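Structure first, then comments.
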Amino acid sequence: MNLAYKILSTKLKSGELVAGQQIGIQIDQTLTQDSTGTMAYLQLEAMGIEHVAVEKAVAYIDHNMLQTGFENMDDHEFIRSVAKKHGITFSKPGNGVCHQLQLENFAKPGKTLVGSDSHTPTCGAMGMIAIGAGGLDVAVAMATGTYYLQCPSVVRVNLVGKKAKWASAKDVILYILQQLSVKGGVNKIIEYTGEGLKELSLTDRATICNMGAELGATTSVFPTDEITKEYLIQQGREEDYVELKADEDATYDEEIIVDLSKLVPLTAKPHSPDAVVPVSELKGMKINQVVIGSCTNSSLPDMLKAAKILKGRRVATHVSLVIAPGSSSILAMLSKCGALADMIASGARILECGCGPCIGMGQAPLSKGVSLRTINRNFKGRSGTNDASVYLVSPEVAALSAIKGYLTDEFEDDMYLDDIENTPFVKNKNFFIDEYDPQNEVYMGPNIKPVPRGDKLPDTFKGKVCLKVGDNISTDHIVPSDSKLLPYRSNVPHLAKFSFCKVDDQFYNRCIENGGGFIVGGDNYGQGSSREHAALVPNYLKIKAIFAISFARIHRSNLINNGILPLVINQKDYDFFNDQDEYELINLLDSVENNKDITVINKTNNQTITAKLKLSPREKTMIQYGGLLNAIKELGGD
Ligand code: F3S
């Protein structure tokens, strides 16, 4: 057995470990962050449970910590009060980024984690099955200890060779993205094996697992070894170590080989993480801003490598360099060893430990500017500046380029950090709050609005196409996550007004005018984050079905959780749909119950096509009841 199935087999509650089958697995840990957490906890509240049913549930505040109005503080206080009521650990703002903190403090080999953030797979570095999901799925996992998913197939990445001197973990995953593309990992687990494992530190492995999300993968996983053990010792958690690896004769569904000795520094060009080229190809490109941090590259070794390059040098006069360490402990470590002083002396700005610029929360680049970032995504507009160009790079390339003022990988020998000692971490427990009082009153500020609920499935549904879009529509397109909108993540009616605003600013008005209807998309619809709002908003706007050539995994689940039909069409039928024409879906009850194709009639010319909808029994129930919350309310259970 491969490692992924070994872990899953110990957690299997329902179904069989056969790729494509619906399975239910026991969940040991959950995490939420503030951007998706408010909705997840509103949903948890609606389920009426007392204490969470998992070993460890953590509520992080890391996305939006700016307090330029009351909205964010309202959300933080709401999350804190719910955490106290249900026995959830609360991580205060300033403690750091959820995935970095989870890795340092709670991740354990062989355990399962589900988180309302698409980069939850970061903890796969620790030999966990760690999966990103929508807030409602995480709420159900907290309430019941179970999570349902389509059993993924397993891809083996065989790491060979000795890592080239200036190649980093970021280059490993950018190389894989170049090979497989942003949808190459859909419904797959990426499992790393091979002699090259010893070339990668635990936090290198975390970087690679983190950006497995950009492949669309269900998750990524590394075996555990001495490197894992050393990291746990460094964190003061040696007792959590368990050795885990695939059987010698393990089988995989696919295999790719990555020769670490052939890797060179790489960059992903705007506006997609798989638009990867060697840095040397763009050498000399003038830059305006450099951001080092995010859940991808904010570990202590990443920070130390950047500090070594910056030490005794000066950031170019026309460049703004900002650095956000991944956790308060990392910041303390940097301070203790003097690396923080080296960074500041170079002219770098040190930001609060959190997501910050990654989500456009401050530090928006210059208009038409070029920003080098160590983050995981470079979708258009995500930085907060719509016409800026964001390039994804390693911390080493970021630091070097910040000094030079242009993109480069021409390192000098004394910039190389040979050996990073595993000195024990300064553990900061003061940011974690563990309180439990089932009587605690939940705080609801005026910014917090109820969760939208769908209607039960009708037998026929008539409506207009409110929007037709192309391939690779991301959740950022569906509901932008910029700094002006993030404070409204618990206020769906307000967010709805901005849905698709960067694609077609009439979408909202059309939905209101038409009383809902349909959306038509191309390939990989809903890629990107786990943001449930990208389904909650269409639910609020009474969108009943989305036709697309293919759907991103988490978004498809979020649509079903909201009672919205994710209907698959082929390329030819994409042309069947015209903006603003009226269509009718017929025999919906029978088609959903018996997994038959859905008949779609164009009411303008009476032409007909069929769209595919393959649902598991559990998904069927959700669609029939108009969403998971309705189904839980009526039927109970998970
Ligand atoms: Fe935060 Fe960006 Fe990661 S928003 S959780 S640092 S992808």
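Observations on the structure shown:
- Identity of the residue in the stretch 14-42, within 16 Å of the ligand (Cβ to nearest atom) and either of a type in the set (Ser, Thr, Tyr) or without any contact (Cβ under 8 Å) to a residue 24 or more places away in the chain (or both), that ends up surrounded by the most Cβ atoms within 10 Å (Cβ to Cβ): Thr32
- Number of positions in the stretch 26-39 that are at pLDDT below 95 and either over 22 Å from Phe106 (Cβ atoms) or aliphatic (A, V, I, L, M) (or both): 1
- Candidates Asn558, Asn514, Asn602 - the one that is more than 30 Å from Ile359 (Cα to Cα), in contact (Cβ under 8 Å) with a residue 40 or more places away in the chain and not small (Gly, Ala, Ser): Asn514
- Extreme residue, farthest from the ligand (Cβ to nearest atom), among residues of the stretch 342-359 that are assigned to a loop (DSSP other than H, G, I, E, B) and surrounded by 24 or more Cβ atoms within 10 Å (Cβ to Cβ): Cys353
- Selection from the stretch 72-129 of residues that are of a type in the set (A, V, I, L, M), more than 16 Å from the ligand (Cβ to nearest atom) and within 21 Å of Leu44 (Cβ to Cβ): Met73, Val82, Ala83, Ile88
- Residue match in the stretch 386-402 (condition: more than 16 Å from the ligand (Cβ to nearest atom), at pLDDT below 95 and within 24 Å of Asp482 (Cα to Cα)): yes
- Residue that is farthest from the ligand (Cβ to nearest atom), among those in the stretch 173-191 that are touching a helix residue (DSSP H, G or I) at 6+ places or on another chain (Cβ under 7 Å) and part of a strand (DSSP E or B): Glu191
- Matching residues, the stretch 590-638, being part of a helix (DSSP H, G or I), under 30 Å from the mean Cα position of the chain (by Cα) and not aliphatic (A, V, I, L, M): Pro617, Arg618, Glu619, Lys620, Thr621, Gln624, Tyr625, Asn630, Lys633
- Residue match in the stretch 205-222 (condition: small (Gly, Ala, Ser), in the same structural domain as Ser401 (by the TED database), under 25 Å from the mean Cα position of the chain (by Cα) and within 16 Å of the ligand (Cβ to nearest atom)): no
- Test for Lys6: is it within 27 Å of Thr207 (Cα to Cα), among the basic types (Lys, Arg) and under 24 Å from the mean Cα position of the chain (by Cα): no
- Within the stretch 197-224, the set of residues being out of contact with any Lys or Arg (no Cβ under 7 Å at 6 or more places or on another chain) and part of a loop (DSSP other than H, G, I, E, B) comprises Leu200, Ser201, Thr224.
- Failed condition for Ile309, given (1) closer than 18 Å to Ser401 by Cβ; (2) assigned to a strand (DSSP E or B): (2)
- Some residue of the stretch 135-154 being closer than 23 Å to Leu260 by Cβ, part of a strand (DSSP E or B) and either modelled with pLDDT of 95 or more or in the same structural domain as Thr36 (by the TED database) (or both): yes
- For the stretch 110-119, the condition holds for at least one residue, the condition being that it is closer than 25 Å to Phe425 by Cβ and of a type in the set (A, V, I, L, M, F, W, C).
- Among the candidates Asp504, Asp523, the residue that is farther than 30 Å from Pro121 by Cα and touching a strand residue (DSSP E or B) at 6+ places or on another chain (Cβ under 9 Å) is uniquely Asp504.
- Residue within the stretch 312-324 that is surrounded by fewer than 20 Cβ atoms within 10 Å (Cβ to Cβ), farther than 17 Å from Ser298 by Cα and of a type in the set (D, E, K, R) present: yes
- Here is the figure for the stretch 389-414: residues that are hydrophobic (A, V, I, L, M, F, W, C) and not in a helix (DSSP H, G or I) total 5.
The values are calculated or read from the model by the stated rules, or taken from the named source; none is laboratory data. Treat the numbers as computed from the prediction; the structure is a model and nothing was measured. Methodologically, a virtual Cβ is constructed for each residue, glycine included, from the backbone with ideal geometry; neighbour enumeration extends over all protein chains shown.
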